[in-house]
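The values are calculated or read from the model by the stated rules, or taken from the named source; none is laboratory data. As the structure is a prediction and not an experimental result, all values here were calculated from the model. Neighbour counts are summed over all protein chains in view; Cβ atoms, including those assigned to glycine, are modelled from backbone coordinates with ideal geometry. Areas reflect the complete protein model, heavy atoms only, side chains present, ligands, DNA and RNA absent. Shrake-Rupley method; radii C 1.70, N 1.55, O 1.52, S 1.80 Å.
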Amino acid sequence: MTARNSQSAIRNSLLPLCLLAFLLRLFLLDAQPIWWDEGISIHLAHSSLTAIVANRAGNLHPPLYFFLLKGWIALAGDSAFSARFLSALFSTLLVPALYAFGRRWLGRRAGLFAALLGGLSPLYVIYAQEVRVYGLLPLVYLALLTLARRLVAPRNSQPAPRSPWFLLAAVETLALALHYMSLFAVVCVVITMAVRLRRRRADLLRLLAVQILAALLLLPWLLTVMRHASALTARLGMSNWRAEPVTLAHFARLLWTFQLTGLTSLVTDPVAIVLTVAVGLTLAGGLGLLIASASRRRAVSLLLDWLLPLASALVVWLLRPLSHPRYVLLFTPPLLLLCALVLDRLLDRSWLARGLALLLALSLLITFAFSLRAYFFDPRFGKDDTRSVAAAIAARATADDLVLVPPEDWSVPYYYDGLARVEMIRPTDD
């Protein structure tokens, strides 16, 4: 097969791969009930823009995703399928984005491997089926990494165009308006760029100007948050950020398992332990071979893109643990690109290297299949059955009854269509 035919085959493989990823994200999309966080999202999407701003200013998440969801629900409706479809769409777009990044910086075949892993990743599939921001976050981080590489790439004496710098400011602003954990990604990208641009004074000044512009764009929101500082402080006090610290070993194992499986409860599953350890060992072996080769710079760069923001978040969690590691989903695209790079480079080396690549591919695919099966078909991993609860209440309650639900739990009211009035009660209510 000629080089041109090989490239054509790779391009022709991308479309069915994107279709497969899309169908996988739509599979049983509305089978599981809307749960607590999703209920909040849908409730906010039915609120006014002013109400969304006031609610999010005193909360732990910024408002941009809820603005997007409000517009989407106005067009597509608020059924579980329609509301989750937006996340599925964003998550599907990550697949061609991984291919484009890999093709540009790693090679066409590596890009295809990255797209395949992104399309089948249970982490991405699971969070593509939630009415939350997490399906969009990896796409934003990948955009940051793409712009950073483009802007620090060596070039001739000609000045760089201004448009990528303005686009970088826009993506930074977008990331921070979607989720506060994006701050770790932005800081790590900016520091990495500053180091690479240290001998290019004009570009360093442009990078500084980008940060000033992003700060100015976010200033109205920061001022709004400051005006609601007391509510935010109270929210922090209500959360479990003051929980007992966990050991570093446990947290590292939890984060690794979660990034590969998307299910935190698999951290103690014997099969999942064997599979995730196999992925870790084969990936480490492959990286060891790459670091001793001409691909060292690319491997180290992706490793830093993955581990630096992850390590920053880990420090925060060790000091003030969170209940769920889903926020690290943002930092995971470099991990899949790193796996794709290892697979691509080892396939062109000795039989021993090709055997290691085969083991890595098999361990990844078996881990993905095991995790997806657990998510889709094992009831132990299902969401709370708020749909049945609402139906049971509606069947028994009369117009003279009062249904009390916990504060901000809009999941049961989402399904409830009975005669009784629904109210949220707080411990401080009379």
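Numbers at a glance
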item: Scope the range 168-178; condition crowded, with 17+ Cβ neighbours inside 10 Å and of a type outside the set (D, E, K, R); matching residues; result: Leu168, Ala169, Val171, Thr173, Leu174, Ala175, Leu176, Ala177, Leu178
item: Among (1) touching a residue at least 40 places away in the same chain (Cβ under 8 Å); (2) open to solvent by less than 60 Å² (accessible area, probe 1.4 Å); (3) out of contact with any helix residue (DSSP H, G or I) (no Cβ under 7 Å at 6 or more places or on another chain), the one test that Tyr415 misses; result: (3)
item: Given (1) surrounded by fewer than 17 Cβ atoms within 10 Å (Cβ to Cβ); (2) part of a helix (DSSP H, G or I), number of the condition Val279 does not satisfy; result: (1)
item: Residue list for the range 83-119, restricted to those being touching a Ser or Thr at 6+ places or on another chain (Cβ under 9 Å) and closer than 20 Å to Leu290 by Cα; result: Phe101, Arg104, Trp105, Leu106, Arg108, Arg109, Leu112
item: Restricting the range 192-223 to residues that are surrounded by 12 or more Cβ atoms within 10 Å (Cβ to Cβ) and among the β-branched types (Val, Ile, Thr), the residue that is nearest to Ala153 (Cα to Cα); result: Thr192
item: Answer from Arg56, Arg84 - the residue that is over 30 Å from Val342 (Cα atoms) and either among the acidic types (Asp, Glu) or modelled with pLDDT of 95 or more (or both); result: Arg84
item: Output for the range 363-392, where each listed residue is over 21 Å from Asp37 (Cα atoms) and either open to solvent by less than 80 Å² (accessible area, probe 1.4 Å) or touching a Pro at 6+ places or on another chain (Cβ under 6 Å) (or both); result: Ser363, Leu364, Leu365, Thr367, Phe368, Ala369, Phe370, Ser371, Leu372, Ala374, Asp378, Ala392
item: All positions within the range 293-342 that are assigned to a loop (DSSP other than H, G, I, E, B) and free of Cβ contacts under 8 Å to residues at least 40 places away in the same chain; result: Ala294
item: Qualifying positions in the range 49-66 - part of a helix (DSSP H, G or I) and within 13 Å of Leu176 (Cα to Cα); result: Leu64, Tyr65
item: Hits in the range 176-223 (condition: of a type in the set (Phe, Trp, Tyr) and in contact with a helix residue (DSSP H, G or I) (Cβ under 8 Å, 6 or more places away or on another chain)); result: Phe184, Trp221
item: Among the residues listed as Leu136, Leu112, Leu69, the single one being touching a residue at least 60 places away in the same chain (Cβ under 8 Å), in contact with a Phe, Trp or Tyr (Cβ under 9 Å, 6 or more places away or on another chain) and open to solvent by less than 20 Å² (accessible area, probe 1.4 Å); result: Leu136
item: Trp36 being at pLDDT 95 or above, touching a Phe, Trp or Tyr at 6+ places or on another chain (Cβ under 9 Å) and open to solvent by 20 Å² or more (accessible area, probe 1.4 Å); result: no
item: Lone unmet requirement of (1) in a helix (DSSP H, G or I); (2) open to solvent by 80 Å² or more (accessible area, probe 1.4 Å) for Asp400; result: (1)
item: Search result, residues across the range 356-393 that are part of a helix (DSSP H, G or I) and of a type in the set (D, E, K, R); result: Arg373, Arg380, Arg387
item: Identity of the residue in the range 72-107, of a type in the set (Ser, Thr, Tyr) and in a helix (DSSP H, G or I), that ends up surrounded by the fewest Cβ atoms within 10 Å (Cβ to Cβ); result: Ser82
item: From the options Asp305, Asp348, Asp344, residue that is open to solvent by 30 Å² or more (accessible area, probe 1.4 Å) and among the acidic types (Asp, Glu); result: Asp348
item: Any pair with Cβ under 6 angstrom, 6 or more apart, that starts in the range 72-100 at a residue that is touching a residue at least 12 places away in the same chain (Cβ under 8 Å) and ends at one that is open to solvent by 20 Å² or more (accessible area, probe 1.4 Å) and of a type outside the set (A, V, I, L, M, F, W, C); result: Ala80/Asp30; Phe81/Asp30
item: Residue check, Val152 among the β-branched types (Val, Ile, Thr), out of contact with any Pro (no Cβ under 6 Å at 6 or more places or on another chain), open to solvent by less than 50 Å² (accessible area, probe 1.4 Å) and at pLDDT 95 or above; result: no
item: Filter result (closer than 20 Å to Arg326 by Cα, modelled with pLDDT of 95 or more and small (Gly, Ala, Ser)) within the range 264-279; result: Ala272
